[in-house]
Every structure is written in structure tokens, then in C-alpha cells.
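Structure record follows, encoded as C-alpha cells.
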Amino acid sequence: MVATNALDAGRRTPGRRESEGAAALSDKLPRLVLEARRVSSLLAHGLHGRRRAGPGESFWQFRPFVTGEAAARVDWRRSARDDRLYVREREWEAAHNIWLWIDRSASMGFVSDLASASKIERALVLGLALADAFVEGGERVGLLGLTRASASRGIVERLAQALVADPAGLTQDLPPRANPARFDEVVLIGDFLTAPDRIAAAVQNLAGRGSRGHLLMVVDPIEETFPFTGQAVLHDLEGGLSLDIGDADAWGARYRARIAEHRAALSAITRGQGWTLTIHRTDRPASEAALRLATLIAARGTE
């Protein structure tokens, strides 16, 4: 018999108190942070940032002054240490960002004994790992509706603090309305167990200004296989409803057909907007889904 469980609201956050930041995160869910860092390290070699000179705020390098340039560009402090004139260059920063949204609603607390982790833990690991890897690659990352996009080396802790300070996110199964800029990348991570028309509306809103996006659907193995037989009771974690079924085996065939229909609807929604859909089972390594998303985003950056 397969056992299942559902994590309460307190266990669907990555920490306890906003003021404690990373310390709270490490104290309450150390495995989450360590796993995110581990997954991020696996991606680092495959990502290539935009590290080159151009308009931006971060220091890039000093280079020799070229005759004909404006004298105002000379860095006199650096030049004073040598017998040449130098110009301070800043690192080029493109005007697009990567925006994440992580579903922390009640259904994400579901976990069976066939899974390596609950859906919420896996979603948080994937989101934080991707953020860390993209920042290492020279990108800026933010949480939709919660933070500005940042290239901070402490991006994992920054995003974790923002999630801790957002208890309202525990009841939202779709991302907030937002207006990402054209060519921004949007990554939505959740189980997307809601009506396709609601998902379509959310995706259409985010894609309205030309942003490019990705749905990463996190599922527990039994949500696909439904390995139950005999009499069973199904619980709706978000609606609070229960359903008694007398023949779980026969009911499971109809369930799997509905799941297939739902996946087909999600594929149509993403395909219609030029987005991508990735399905990740929690009995598989997190690195598989993270690498696929990183590859998709990196490939689009070369278009």
C-alpha cells in the first residue's frame, strides 16, 4: 500500500522569521539549501553569462585610454598609479531579467512514499538552484510580484527571505499579475492542478508584452500512476472536499485519462504562446529538470 502525506503551511515555507534570513533557512530546512547549491553547481559549467563591457553598474575592467575619447572617461585615480591613462569599464547588463514564481499552495504539500521529496521542497530546490546558477552566469533574477531582479551573489538567501515574508503565497495556486518586459524570461514552478482556462489567462497575462516563459510542472509519482485498488478516500487539499470511491482500480483509469487531457491542454497553452512545458516527477533527481530549464533559457539567449 502506498502511503501519502500533506505538509501544513508552516512546512511549506523556506524558513521561520524574515529577520533571521539565511540563518533561519539553514536552521529549518538545511537540506533544501544544500540541495539547491548542489544542483546549482551541476549547472554552472553549462551556463554562459553576458560578461562583457557595456552600460551597467558593476565594475568590469580597466583598459588603456584611446586617443579621441572624451577626457571625462579617464579614471584618474587608477591612472595616477602608472604612466598611462586608463578608462574604467562597467559590465554590460542587458535590459531583460529572469523571473521566478514558485507555487506554495496546499496541493504542493502532497508527498507519497514513492517520492524523494515533497512537491514543495522540490519546487523550492529547483527555483533557488536556478536562481543561483543564473546569477553565477551573469543574469539577474527576481520573484514575480515579490522582489526586484538582482544579480546578488546572495540571491538564494534574498529570495528565501522574500518567500518567508509572503504568507499570502501559501494560498495562491497561480502567479500574480505582472508585466515582464519584452525578452524577459519567466519560469513558473508548480503542479498546475487547476482549471486550464485559469492557467491560460495567467500565461497570457505574463506573455502579453513579449516575455518568454517556461512551465515546470512538479508531480508526485502516484499523481501519474494512481496505484490504488479497492475502496479509497480522495481528499482535495485546497478545497477541503473528500470523495469515497468503491473501486479505485476502475476509477484510476478515468483519472489517468483526465490527467492526459489536462497535460494536453497545458501543452496547447504553452505552445500557443511560444513557451515551453517541462514535467518533473519527484522520484527523479532535481538536477534533471534544472538542467533542462537552464538549457532552454540559455539557448533562447543566443537567438
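The values are calculated or read from the model by the stated rules, or taken from the named source; none is laboratory data. Here the structure is a predicted model, which is why all the values come from computation and not from measurement. Neighbour counts are summed over all protein chains in view; Cβ atoms, including those assigned to glycine, are modelled from backbone coordinates with ideal geometry. Ligands, DNA and RNA are excluded from the accessible area calculation, which covers all protein heavy atoms including side chains. Shrake-Rupley method; radii C 1.70, N 1.55, O 1.52, S 1.80 Å.
Based on the Cβ-Cβ distance of Leu277 and Arg73, what FRET efficiency does E = 1/(1 + (r/R0)^6) give at R0 = 35 Å, to the nearest 0.05? Mind dumping the intermediate values first?
On the way: r = 47 Å, r/R0 = 1.35.
In this case the efficiency is close to 0.15.
On the basis of the beta-carbon distance and an R0 of 30 Å, Ala195 and Ser116 show a calculated FRET efficiency of 0.55.
With K and R counted +1 and D and E -1, the other residues having a Cβ less than 12 Å from that of Gln204 yield a net charge of +2.
Translational diffusion of segment 146-187 was estimated from the Stokes-Einstein equation, with Rh taken as the Kirkwood radius over Cα pairs; at 25 °C and 0.890 mPa s the coefficient is 203 µm²/s.
Label zone (Ala257, point 7 Å along Cα-to-C-beta; backbone nitrogen cut-off 20 Å) within segment 204-230: 223-230.
Taking Cβ atoms as reference points and 9 Å as the exclusive limit, the residues near Trp99 contribute a net charge of -2, counting Lys and Arg as +1 and Asp and Glu as -1. Model label sites at Ala165 and Arg284, defined 7 Å from Cα along the beta-carbon direction, differ in position by 3.6 nm. For segment 73-83, putting each phi into the Karplus relation 6.51 cos²θ - 1.76 cosθ + 1.60 with θ = phi - 60° gives couplings of 7, 5, 8, 5, 5, 5, 5, 5, 8, 8, 9 Hz, in residue order, rounded to whole numbers and with x for Gly and Pro. In this structure, the amide hydrogen of Leu100, modeled 1.01 Å from its nitrogen in the peptide plane, lies closer than 5 angstrom to those of Gly142, Leu143, Leu144, Val187, counting only residues at least 5 positions away or on a different chain.
When a 1.4 Å probe is rolled over the protein heavy atoms, the share of accessible surface on segment 140-236 that falls to carbon and sulfur comes to 50 percent.
3J(HN,Hα) couplings calculated from phi for segment 134-141 with the Karplus curve 6.51 cos²θ - 1.76 cosθ + 1.60 (θ = phi - 60°) are, in sequence order, 5, 5, 4, x, x, 9, 10, 10 Hz; Gly and Pro show x. Here the gap between Ala265 and Phe183, fully extended at 0.36 nm per residue and compared with their Cα-Cα distance, gives a gain of 27.1 nm. Applied to segment 268-273, the Karplus parametrisation 6.51 cos²θ - 1.76 cosθ + 1.60 on θ = phi - 60° returns per-residue 3J(HN,Hα) values of 5, 5, 5, 4, x, 9 Hz, with x for Gly and Pro.
Could you pull out every residue, at least 5 positions away or on a different chain, whose amide H is within less than 5 Å of the one on Thr276? Hs are placed 1.01 Å off N in the peptide plane, and Pro or chain starts have none. Under 5 Å from the amide H of Thr276 lie the amide H atoms of Gly213, His214, Leu215, each far enough along the sequence or on another chain. Extension gain for the segment Arg292 to Asp83, taken as residue separation times 0.36 nm less the Cα-Cα distance, is 70.2 nm to one decimal.
Between Ser41 and Gln172, what FRET efficiency comes out of the Förster formula 1/(1 + (r/R0)^6) with R0 = 25 Å and r the beta carbon distance, rounded to 0.05? It would help to have the intermediate numbers written out before the result.
Numbers: r = 31 Å, r/R0 = 1.23.
After rounding, the FRET efficiency stands at 0.20.
Counted residue by residue at 0.36 nm each, then reduced by the alpha carbon distance between them, the extension gain from Arg209 to Thr225 reaches 2.0 nm.
Taking the Kirkwood radius as the inverse of the mean 1/r across Cα pairs, report the Rg/Rh of segment 157-230.
Working: Rg = 15.3 Å, Rh = 14.4 Å.
Radius of gyration over Kirkwood radius for segment 157-230 works out to 1.06.
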